[in-house]
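A short write-up of the structure that comes next.
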Amino acid sequence: MKIIFSRKGFDSSAGGAPSPIVDGRPISLPIPLDLKHTRYRDLRDPIPSLVNDLTRGRHTANSYCHLDPDIDPSATRLPRPSLWRGALGQIGAAQSHLSRQNVGPGDLFLFWGLFRHAACKNGQWRYEGQPMHLIFGWLEIGEVHLVGNRGANLVKRHGWLGLHPHVRPGWERWSAHERSNNTIYLASERLSVLPGLKLPGSGVLGRGHVLTSATSHLKSVWQVPEWLHPRSGGSGMSFHPPGRWLDGGEVRSAGRGQEFVADIGSATEPLRWLKTVFAKSV
């Protein structure tokens, strides 16, 4: 089994600001992308006002966004189609990396991003405290589909997938090579890796799991469990050579790369750690 730490949502380059934590709950803001599909106003409250206020109007409710990964059934204002399941699209170099790592059914994406607490005061959303990296959601892979430019073929099989950006037009700005490996990962119906929790195959955490070390002034320094840290006999993860792993169970997370893959094999310690993460799912 592989666990993929997948960087998603707003940050200093994509969106220009952290995603907010509101009343303790992380709300991952989809990155702005003008594919003429989904606007921020199509997403549930308070996302449109959060985007407008926290970016100081650089992005507004009318701006287009890239709702991917689409893992929260309540993310949109409109009800979800029957049989809806979470989905993640990937393309280009990031998808090539996942392919080289043999990521497939049964593996688990843990989505993380840059977050900061936010509160609404005098009708305006404003940040509080310091930014941090945290895990906000998951997707256990049930199916993998190489879509390329043939999204309509997949929609014929899974009609509920018709609004996902990776099956719709608008990818012309990418090179033919990048578009050629356009891939969609569909969530399993249930979280089979931890069946006792009775959770769906994808979803969002109610409280999030903080990655940033409490002892570091750098948000990119993570406190990681022993099963992941190579100096403790752990698996390590892609994009993180030996020099990034620090004493005290810490790692300097890579500034580049979206998908950090940890091959845990059949080890059981990561599953115990996952239980503590998913305990924050409600």
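The values are calculated or read from the model by the stated rules, or taken from the named source; none is laboratory data. Being a predicted model, the structure only gives us computed values, none of them experimental. Cβ: placed from backbone, ideal geometry, glycine included. Neighbour counts: every protein chain shown.
Out of curiosity, is Ser220 touching a helix residue (DSSP H, G or I) at 6+ places or on another chain (Cβ under 9 Å) and of a type in the set (S, T, N, Q)? No, not satisfied. Within this structure, Trp125 fails the test of being modelled with pLDDT of 95 or more and under 18 Å from Trp273 (Cβ atoms). Just checking, does the range 233-248 include any residue being acidic (Asp, Glu), touching a strand residue (DSSP E or B) at 6+ places or on another chain (Cβ under 8 Å) and in contact (Cβ under 8 Å) with a residue 12 or more places away in the chain? There is no residue in the range 233-248 that is acidic (Asp, Glu), touching a strand residue (DSSP E or B) at 6+ places or on another chain (Cβ under 8 Å) and in contact (Cβ under 8 Å) with a residue 12 or more places away in the chain. Restricting His240, His177, His217 to those that are surrounded by 15 or more Cβ atoms within 10 Å (Cβ to Cβ) and either of a type in the set (Asp, Glu) or on the phi < 0 side of the Ramachandran plot (or both) reduces the list to His240.
Against the test of being touching a Leu at 6+ places or on another chain (Cβ under 8 Å) and either hydrophobic (A, V, I, L, M, F, W, C) or closer than 21 Å to Gly104 by Cα (or both), the options Gly236, Gly257 yield a single qualifying residue, Gly236.
I'm trying to understand the selection: among the residues of the range 257-275, which are without any contact (Cβ under 8 Å) to a residue 60 or more places away in the chain and loosely packed, with under 12 Cβ neighbours inside 10 Å? Answer for the range 257-275, where residues must be without any contact (Cβ under 8 Å) to a residue 60 or more places away in the chain and loosely packed, with under 12 Cβ neighbours inside 10 Å: just Thr268.
Each residue in the range 235-251 was checked for being touching a helix residue (DSSP H, G or I) at 6+ places or on another chain (Cβ under 9 Å) and either at pLDDT below 95 or more than 22 Å from Ser99 (Cβ to Cβ) (or both), and 6 of them qualify.
When Ala254 is tested against (1) of a type outside the set (D, E, K, R); (2) loosely packed, with under 15 Cβ neighbours inside 10 Å; (3) at pLDDT 95 or above; (4) not in a helix (DSSP H, G or I), just one condition goes unmet, and that condition is (2).
Considering the range 1-50 alone, what residues qualify as being among the basic types (Lys, Arg) and outside any loop (DSSP other than H, G, I, E, B)? Of everything in the range 1-50, those that are among the basic types (Lys, Arg) and outside any loop (DSSP other than H, G, I, E, B) turn out to be Lys2, Arg7, Arg25, Arg39, Arg41.
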